[in-house]
Structure formats: structure tokens, C-alpha cells
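See structure below.
The values are calculated or read from the model by the stated rules, or taken from the named source; none is laboratory data. Keep in mind it's a predicted model, so treat the numbers as computed, not measured. Cβ placement follows ideal geometry from the backbone for every residue including glycine, while neighbour counts extend to all protein chains displayed. What goes into the accessible areas is simple: the full protein's heavy atoms, side chains included, and nothing from ligands, DNA or RNA. Shrake-Rupley method; radii C 1.70, N 1.55, O 1.52, S 1.80 Å.
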Amino acid sequence: MQNTFSDPFDLDGPSFSALLRQRMPAALDAAFRSTRVDHVEGTTIVALTFSAGVVIAGDRRATSGNIISKRDMRKVFEADGWSAVGISGAAGPAMELAKIFATELEHYEKVEGGPLSLEGKANKLAQMVRANLPLAMQGLVVVPLFAGFDPRDQLARIYEFDAAGGRYEERRFATAGSGGRDARGSLKARFREGLDRDAAVGMVIEALWDAADEDSATGGPDLVRGIYPLVAVIDAAGYRELDEATVAERVESVIADRRL
Amino acid sequence: MAMMPYVSPEQQMKDRADYARKGISRGRSVVAIEYDKGVLFVAQNPSATLHKVSEIYDRIAFAAVGKYNEFEQLRVAGIRLADVKGYQYAREDVTGRSLANAYANALGAAFTESAKPFEVELLVAEIHADDVQLYHILYDGSITDEQGYVAIGGSAESLTTHLGEGFREGLSRDEALRLARESLGAAEKGEISRDRLEVAGLDRDRGRRKFARLTDADIAAALG
């Protein structure tokens, strides 16, 4: 019987990834130690705070070298009701990271009877990125971007990471991925304090446009196939994704503004 | 080695069952009632934080009576099983039936093999688009599939009678809550005050995670 139940003072008690490591070591190995060479990567993820919350968005392109391997990738995931994670880097390990991270938060919430603090969630994600370091050294880098709203202090925060698991808090905006530099420049020029939600959504769409304009591994809006960036808003009402029609409309207006 | 007096297996099992039943009957009861949008659990619980009803997975909830530390261990073990399974396969592959079986096996093994049986009684509920499954698991691992309503704990018998009189299909959530409160009151021979009620349930109208807990304000509004 002892095996069925956890040690009451087990420090890994409410941690799902620790449970997985203990019960299914092969699952984590497969997720984080694969050695596929032709992995997909290249991305732009942007996050931007506004007066009442935070917007996070990502392009939809996955590339493998100079090949476009997928046009409708999802790179922004709901982590829990109050936060989202955007992923950049090698697609396989990155999506696995997002899945385990979301399960981790839910597992903690159910076992402990309440959610982790926003900082606690960011620290957990940093540890998971750090655990991926040996693989990052082989070229399968995974760098997430984490954004959330803390219902306790009613503040939205963004956390950036580096491949070694460094965690950096941002109060204004942050970007990740191969097009992150261009998106950052775009946001830097436009950002103001106290934006409203609509203005923030417009800004992230423009930033993704600017990134796609310069970076071949970032996909712009695909008007022919009707594939648009994925935009999510997190505020006092929690996480929600904008529907495609709304994003399409905002994209059209950005295109109209920029037509030469 | 000291000589142990002979005790027949029948007597041994009976002693254990009496012991477990006595422990369970000291605790307060929990009722589960099906309503038009899912299933509602109502417990008489003076604590606002030491829950008897909780979430296991997207469509699965757990309720227990008896010794808190024992059912808390079982609750956490259930969450761990469900989360690993959902990760390994797919979310819809986590079922109430397999969880109820795991509990039945754990309780059954402890009842026959360990020094002392669990002093707990459990309910596992799972909702689908058109039905609710309610599994009732006893301290000795025996398991039954219930329909409509079920009560567990010390006053389960009188609760079941009272629930049977008031239950019909298609109750609203508020009607189900009122029926549960009346039944708990009748079993205790007095009205149960609102702040001693723990109310939670599985609601089909919710998103992926169907479990929801009613706050004190929700309970007050529902009872009118």
C-alpha cells in the first residue's frame, strides 16, 4: 500500500513533472532527449501589457531549414485560466514543454486546492527550461514566453526566459523567437503606458507583421488560406482567445494602413 | 512467539467491518443528486477549507466521508493517477470507472491485508452529455453504480429515504440544493445553517473542467 500514496513530506508532492519523472522516466527522456536533426523552429511570439491585462500573440509558421513545414501551427497555449505560454524553438520539445507545464499547473491546483502565484508559475517554467539544457546544447533550444494576470494583486506580468533557464520579469512588453528582434523594435516604437485592449491587440498584430516582413521563419497573415496570428487576452476575466474574424479584421486594417 | 488465539476468518472480517463502520458513522454525511445540468454534491462541513468534495479531472469529481487524512490520501492518489493517464494517452481516456476501480482495489486490499481498514466511504461521479455515472465505494472495496441520488456517511439510511421522497428527474440546481439541505436537516433533526454547507458539482455547461464549487454567496442566492 505504501507505494500507492505519496510521502506526506515529499517536497515534490504537488508537482506533476516530478511525478512523471518518478513513474515514467522514459516519457520525459523521449520528450527532452530526442535527437532528430531536421527539427522545426523559427517563430515570433510577442506579449504586451495594457491597462487591464496582457495580450500575447504568435505567428503560425513552422520551418525546417528553408522549408515551410507547417502553416497553421499553434504556438500560444492556455497554461491555466490566468496565464498563457508562447513557445519558440524546436517544435517537438517545445510543444511537450507547453503540455507538461499546463498539466503541472492544473495538478498543483487540484492537489493543493488553489492555484500557484504568478511568480511561482514562472519559476516552475524556468526550471523546466533549465532541465532542457543538455538538449539545448545539441541545438534543440526551447525558449518560452510566459504572460499572465495575477488575480491577487490585479497585475499583469510577462516573463522572458533564456535557453539556460534564466527568468526575467517584464512589465511592458517582451518577444521571443527568430523574429523577436524585429517585433521588439516595432513594439518599442509604439508602446505607451495605459493602452486600452484594442490598441494593444493592434500593436501585437503590427509587431508580428514587422517580424514576418524581416524574418523568413516567421509567417505573416495568410490571406489566401485564411490563416491569421493567434491572439490571446488575459485580464480580470481570465484567458480567452480572440476569434478568427476579429483578428482577420484587425489584420485587414493593418494592411490598409501600410499599403504603399 | 506468543500464541495467538484462534479467530475465524468470518469473525475477523466482521470485526474489521464493525470497526470501519463505527469510524464512518461518527462523521457527517455527503449527498449527491443528479440535476438537469449535471450532478451536485452537498456536504455538511463546518470547515471552509478542509473539503469533502473535490475535483479529480475534467469530468470527474470525488466526495468522501470518514477519516480526513485517509480520504485526503486517496484523493491525491486519484488526481495523480488521472493526470498521468491523461498525459500518457488522451484527456478523454481518463474515466470515472477506472478511477472507481482503483479506489475499490485499494480499499479492498487494505481491508483484507493491512492492520486496519480505511474508515472512509467514497463517491466518484463522472458526467457526459446525456448521463451521470455515480460510483459508491465502501470501506471494504465493494462498489455499486447508483442512479439519481446517493448518500454516504453516518446517516446515509435516513438520508436515502428522504432523498427518495423528494427526488425526480430534471431538478434544477437550486431545487437539488434545497432537497439536499432538507434531507441533511431531517437526518440531523434540525435545520443546517448555510455556512455549514459545502456545495460543489459537475456542470455540463462549463468548459473543459466541469467541476465548480459554490461560494457562500452562491449558496445564499440559490437557497433564496
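GNM on chain A, alpha-carbon springs under 10 angstrom: the most fluctuating residue among A:175, A:63, A:43 is A:63. Largest GNM mean-square fluctuation among B:188, B:169, B:157, using chain B with Cα springs under 10 Å: B:169. Accessible surface ranking for B:93, B:174, 1.4 angstrom probe, highest first: B:93, B:174.
Counting only helical runs of four or more DSSP H residues, what would the 222 nm mean residue ellipticity of chain A come to if each run contributes -39,500 (n - 2.57) and the total is spread over all its residues?
Only helices count here, giving -12000 deg cm²/dmol.
Shielding by partners for peptide B:81-89, expressed as the average number of C-beta atoms from other protein chains within 10 Å of each residue's C-beta, is 4. Checking the Cα-Cα distances for A:121/B:37; A:99/B:116; B:14/B:37; A:110/B:37; B:52/B:116; A:121/B:85 against a 30 Å cut-off, the pairs over it are A:121/B:37; A:99/B:116; B:14/B:37. Per residue of peptide B:209-219, the mean number of Cβ atoms on other chains within 10 Å of the residue Cβ is 1. List the accessible area buried at the contact between B and A, summed over both sides and calculated with a 1.4 Å probe, in Å² to the nearest 100. Counting both chains, the buried surface is close to 1900 Å². Within the shell defined by Cβ-Cβ distances under 10 Å, the residues around residue A:168 carry a net charge of -3, with Lys and Arg each +1 and Asp and Glu each -1. Angle, helix B:96-113 long axis vs. longest principal axis of chain B, Cα atoms, 0 to 90°, nearest 10? Here the helix axis deviates by roughly 30 degrees. Taken per residue, the accessible surface of segment A:39-259 reaches 41 Å², heavy atoms only and a 1.4 Å probe. The residues packed around residue A:128, meaning those with a beta-carbon under 13 Å from its beta-carbon, carry a net charge of +4 if Lys and Arg are +1 and Asp and Glu are -1. Annotation for segment B:181-224 versus segment A:64-133: alpha-carbon center distance of 35 Å.
The 1.4 Å probe gives accessible areas that order A:12, A:213, B:203, largest first, as A:213, A:12, B:203. If you sort the three axes of the alpha carbon gyration tensor as a ≥ b ≥ c, you get a/c of 1.5 or more for the protein assembly as shown and a/b above b/c, which makes it prolate. Peptide A:207-220 has a mean of 0 when you count, residue by residue, the C-beta atoms of other protein chains within 10 Å of its C-beta.
When you filter the trypsin sites (Lys or Arg not before Pro) in segment B:159-197 for DSSP loop state and at most 16 other Cβ atoms inside 10 Å of their Cβ, you are left with B:168, B:189. Between A:149, A:173, A:16, the GNM of chain A built on Cα springs shorter than 10 angstrom shows A:16 fluctuating the most. Translational diffusion of segment B:46-153 was estimated from the Stokes-Einstein equation, with Rh taken as the Kirkwood radius over Cα pairs; at 37 °C and 0.692 mPa s the coefficient is 232 µm²/s. DSSP beta bridges confined to the protein assembly as shown are antiparallel in about 100 percent of cases. Taking all Cα pairs closer than 8 Å and separated by 6 or more residues, the relative contact order of chain A comes to 25 percent.
On average, how much accessible surface per residue is there in segment B:102-155, in Å², for a 1.4 Å probe, leaving out ligands, DNA and RNA?
36
Share of carbon and sulfur in the accessible area of chain A stands at 49%, probe radius 1.4 Å. Separation of the alpha carbons by more than 26 angstrom is noted, of A:75/A:124; A:70/A:124; A:70/B:210, for A:70/A:124; A:70/B:210.
Solvent-accessible surface (1.4 Å probe) assigned to residue A:178 amounts to roughly 60 Å². Averaging the sequence gap over all C-alpha pairs within less than 8 Å and six or more residues apart, then dividing by the number of residues, gives segment B:54-188 a relative contact order of 21 percent.
With every protein chain in place and a 1.4 angstrom probe, the accessible-area ranking of A:188, A:121, largest first, reads A:188, A:121.
Taking the Cβ of residue A:197 as the center, what net charge do the other residues with Cβ under 13 Å away carry, scoring Lys and Arg +1 and Asp and Glu -1? Residues near residue A:197 contribute -1 overall.
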